[in-house]
1. Kindly list, by first and then second residue, each pair from a residue in segment 44-60 that is closer than 13 Å to LEU107 by Cα to a residue that is hydrophobic (A, V, I, L, M, F, W, C) and surrounded by 16 or more Cβ atoms within 10 Å (Cβ to Cβ), limited to pairs with Cβ atoms under 7 Å and residues at least 6 apart or on different chains.
2. Scan segment 38-55 and give yes if some residue there is assigned to a helix (DSSP H, G or I), at pLDDT below 95, among the aliphatic types (A, V, I, L, M) and out of contact with any helix residue (DSSP H, G or I) (no Cβ under 8 Å at 6 or more places or on another chain), otherwise no.
3. Could you check segment 69-112 and list, in sequence order, the residues that are basic (Lys, Arg) and over 19 Å from GLU48 (Cα atoms)?
4. Does ASP70 satisfy the criteria of being exposed (fewer than 15 other Cβ atoms within 10 Å of the Cβ), at pLDDT 95 or above, assigned to a helix (DSSP H, G or I) and out of contact with any His (no Cβ under 6 Å at 6 or more places or on another chain)?
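The values are calculated or read from the model by the stated rules, or taken from the named source; none is laboratory data. This one's a predicted model, so the numbers in the text were calculated from it and none came from an experiment. When we count neighbours, we look across all protein chains shown, and the Cβ atoms used for this are built from the backbone with ideal geometry, even at glycine.
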Amino acid sequence: MMRNRAVKHLLTVKKENLALQDLASYLQEMRAHSGPADEAISAQQLQEAIDREVANLPERMRAVFLLRRDEQLSHQEIADRLGISVLTSRTQLKKAVKYLWSKLSTLFALALAWYLWL
C-alpha cells in the first residue's frame, strides 16, 4: 500500500517548487515506516545526496532555497532579508529546484525502483 502511494505521489508532482518538499515528506514517511535497516540507510543516502547538491548551489541561490525550504519564508520575506527583488527570489528558487531535480532525478528513480522491488 505504501509503495503504491509513493509511486502515485511521485508521479503526480506537477510544480517544480513543490517537488523537493514532496520528496522530503516522502523520505520522512519512508523512514517512519521502514522495516529492514537497508531501507533506512537508503533514505539516509538520498538525504545526504540532496544535502550535497544543495551545498553545490551558488551562494545566493542556496540562500533563497534554504530560506524557502527551511524557514518557509515568502518570496517577499526572502527578498527583504537578502536585499533582492521578489522576482529574483522566485527566479533563484525556480533555478535551484530545476538544478537539483536534474542532478537528483536519476537517483530518485533508482531508489524508487529499488524500494518497489524489495
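1. These pairs meet every condition: LEU46/LEU27; LEU46/ALA111; GLN47/LEU27; ALA49/LEU104; ILE50/LEU104; GLU53/LEU100; GLU53/LEU104.
2. yes
3. Answer for segment 69-112, where residues must be basic (Lys, Arg) and over 19 Å from GLU48 (Cα atoms): ARG81, ARG90, LYS94, LYS95.
4. No, not satisfied.
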